[in-house]
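The values are calculated or read from the model by the stated rules, or taken from the named source; none is laboratory data. Keep in mind it's a predicted model, so treat the numbers as computed, not measured. Using ideal geometry, Cβ is built from the backbone for each residue, glycine included, and neighbour counts are taken over all protein chains shown. The accessibility values were calculated without ligands, DNA or RNA, using every heavy atom of the protein model including side chains. Shrake-Rupley method; radii C 1.70, N 1.55, O 1.52, S 1.80 Å.
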Amino acid sequence: MTVCSACGEFTDSDSDDKEEQTAMVCLETDLHDGQMMEVDVGRHSVLLTRCDGKYSAISNQCSHYGAPLSKGVISGHKVRCPWHGSCFNALTGDLEEFPGIDSLPCHKVKIQNSKVYVSINKKDIRHQKRLQRMGGAVPGVKHTVLLLGGGAASLICAETLRQENFGGRIIMASRDDLLPYDKTRLSKVMNVLSDTIVLRRTEFFHQYDIEVWLQKEAVSVDTEKKTVTFDDGLVQSYDQLLLSTGCRAKGLDVPGRKLDNIKMLETPEDARQIHAASLGCNIVLVGTSFVGMEVASYMIDKASSITVVGSSDMPYQNTLGREVGKITMMMLLEKGVRFYMNDHVTEIKGVNGKVKEVVLKSGHVIPADVLIVGIGSIPNAEFLQGTKIQKNSKNYVVVDKYMRTNVPDVFCAGDLASFPLALAKNQLVNIGHWQMAQAQGRIAALNMLKKTTELTSVPYYWTILQGRTIRYAGYGEGYTEIIMKGNYEFEERKFLALYIKNDEVIAAVGLDYDPVVSAVAERLLSGKVITKKEA
């Protein structure tokens, strides 16, 4: 027997089996369709929703970073997380949009005597996440899918294939020495242990027959013979191929660029080295986009001095605009970070083979023990030379809305892809966001299986400065006006920026304005216009 925490009634457990015993809560609620609320059941946070007159209950903690979904947005049968935009089916708990990779437990709901009873199985209390049902390889099925790259797109492609009962061989080949991991963490927690950011363990790949080849890099592709040659001489045939080798950091092309203590952030080992080298030292960061600004913020209580060099007027100017860029710059200026904007490095001077000074075009000379470069990226596409695979002028692989290249059975996803963005009237774009790479991996897998599915995801990303998260949804390129709301001053900063083009909202960015950015993402996905007047 358990006591109902809402009305004090005793309610029977569903089973005498210890593993099947339930915790239950009885509620008198007047939830209307399209509403949701958090319910405590046996000290477990549950999300109760009502859609089309039917009550449903799933775990209230997002499977990504544990955000309370009750603070998010509900639209039809879908709940969107307020923090990073993951979406879940309110009826089943199934994951419907990334960056989360796991689904949520679904709990029993019963209506009796005008009261709502929610009960959860005690084994579900111990598991806040749920893996969607997946199959494995089927003996005799010879079909091989080869995934080049070990990042978000490849991982989700492999998982989706198994979720959709693909029984052939799946090979994921990565030049990394680590299983797929959460790369978004590298510039936020730089002394990170690799084991803490791995997305799936070795046992997972074994259980679902996903072969992972580490430290193996593709050097050429023959699309006529359907083979890939690797750096160790191995030649692997494929039936379908996913190109998801991503991008690498772009270095400085100036005198002194080969001195020691010039760092670029690409791997967990890079992050740890930057952390260790910067403690108590003078650091200079070149680049004022996400990597440069996040690393500068992270180092505030660790480095002796922090100087940021940017080529534009304001940080994030090309992505978030001058207005938001100014706010982010103030957040770091107040903590002693120095900025040299509209400037760039012309020379790096050293002593005994190590960085000592950074010389700028303006003539300023900045003392530096460590120089961290975050000025953009270069697509890893050299191995495609000599193939008929179409690339654009910047060497990104061009795909359609099904993630197909111009060559049959060759797909591309992630940072390497130039793809038609539905939100931008199918304009070809390249968006290096974690969530988009995951979404593209899923779309590629479905279309490999001839389950025709278009990419419709709305870009959603986040950055962390001084422990506070700025969230962004949409695609703001070409905006002509920005509407700002909130307070931009000092510690109590809280703002929302809406980007306008042709009298419509095309993107939103917010700090402490949850769940508005997620609400905008949902509106953009639905195709319902947010007018300038509404904004």
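Figure legend. Inter-residue proximity from the range 332-346: first residues in the same structural domain as residue 315 (by the TED database), second residues open to solvent by less than 60 Å² (accessible area, probe 1.4 Å) and among the hydroxyl-bearing types (Ser, Thr, Tyr), beta-carbon distance below 6 Å, spacing 6+ or different chains. Indicated pairs: 338/307. When the range 414-450 is filtered for residues that are β-branched (Val, Ile, Thr) and either closer than 16 Å to residue 319 by Cα or open to solvent by 20 Å² or more (accessible area, probe 1.4 Å) (or both), the ones remaining, listed by number, are 429, 431. Considering the conditions (1) under 20 Å from the mean Cα position of the chain (by Cα); (2) part of a loop (DSSP other than H, G, I, E, B), residue 140 is excluded by exactly one of them, (1). Kindly indicate whether residue 424 is aliphatic (A, V, I, L, M) and either assigned by the TED database to the domain that holds residue 295 or under 22 Å from residue 173 (Cα atoms) (or both). No: the conditions fail for residue 424.
Scanning the range 228-268 for residues that are open to solvent by 30 Å² or more (accessible area, probe 1.4 Å), touching a strand residue (DSSP E or B) at 6+ places or on another chain (Cβ under 6 Å) and hydroxyl-bearing (Ser, Thr, Tyr) yields a count of 3. Is it the case that residue 530 is of a type in the set (Val, Ile, Thr) and either within 24 Å of residue 76 (Cα to Cα) or touching a helix residue (DSSP H, G or I) at 6+ places or on another chain (Cβ under 9 Å) (or both)? Yes: the conditions hold for residue 530.
For the range 127-147, residues that are surrounded by 16 or more Cβ atoms within 10 Å (Cβ to Cβ), small (Gly, Ala, Ser) and either at pLDDT below 95 or at positive phi (or both) total 0.
State which residue is farthest from the chain's Cα centre (by Cα) when the search covers only the range 279-307 and only residues that are β-branched (Val, Ile, Thr) and either open to solvent by 50 Å² or more (accessible area, probe 1.4 Å) or under 27 Å from residue 486 (Cα atoms) (or both). Break it down stepwise before answering.
Taking the range 279-307 as the starting set, the residues that turn out to be β-branched (Val, Ile, Thr) are 283-284, 286, 288, 291, 295, 300, 306-307.
Still in the running and either open to solvent by 50 Å² or more (accessible area, probe 1.4 Å) or under 27 Å from residue 486 (Cα atoms) (or both): 288, 291, 295, 300.
Values: 288: 20, 291: 14, 295: 18, 300: 25 Å.
Of everything passing the filter in the range 279-307, 300 is farthest from the chain's Cα centre (by Cα).
Note on the range 41-50: residues that are surrounded by fewer than 20 Cβ atoms within 10 Å (Cβ to Cβ), of a type outside the set (Gly, Ala, Ser) and either at pLDDT 90 or above or not assigned by the TED database to the domain that holds residue 80 (or both) total 0.
Scanning the range 467-496 for residues being open to solvent by 40 Å² or more (accessible area, probe 1.4 Å) and either in a strand (DSSP E or B) or farther than 30 Å from residue 95 by Cα (or both) gives a total of 15.
Inside the range 94-108, residues that are touching a residue at least 60 places away in the same chain (Cβ under 8 Å) and over 18 Å from the mean Cα position of the chain (by Cα) make up a count of 2. In the range 256-291, what residues are under 30 Å from residue 472 (Cα atoms) and either modelled with pLDDT under 95 or among the polar types (S, T, N, Q) (or both)? Answer for the range 256-291, where residues must be under 30 Å from residue 472 (Cα atoms) and either modelled with pLDDT under 95 or among the polar types (S, T, N, Q) (or both): 267, 273, 278, 288, 289, 290, 291.
From the set of residues in the range 71-87 that are outside any loop (DSSP other than H, G, I, E, B) and in contact with a Ser or Thr (Cβ under 8 Å, 6 or more places away or on another chain), which is surrounded by the fewest Cβ atoms within 10 Å (Cβ to Cβ)? Among those residues, the one meeting the criterion is 75. The set of residues in the range 88-108 being buried (at least 18 other Cβ atoms within 10 Å of the Cβ) and part of a strand (DSSP E or B) consists of 88, 89, 95, 97, 103, 106, 107.
Condition check ((1) among the hydroxyl-bearing types (Ser, Thr, Tyr); (2) open to solvent by 80 Å² or more (accessible area, probe 1.4 Å)) across all residues:
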| position | (1), (2) |
| --- | --- |
| 312 | yes, no |
| 327 | no, no |
| 356 | no, yes |
| 381 | no, no |
| 387 | yes, no |
| 391 | no, no |
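If the condition is being touching a residue at least 40 places away in the same chain (Cβ under 8 Å), small (Gly, Ala, Ser) and open to solvent by 40 Å² or more (accessible area, probe 1.4 Å), then the range 497-527 contributes only 526. The sole residue among 318, 342 that is modelled with pLDDT under 95, outside any helix (DSSP H, G or I) and surrounded by fewer than 16 Cβ atoms within 10 Å (Cβ to Cβ) is 318.
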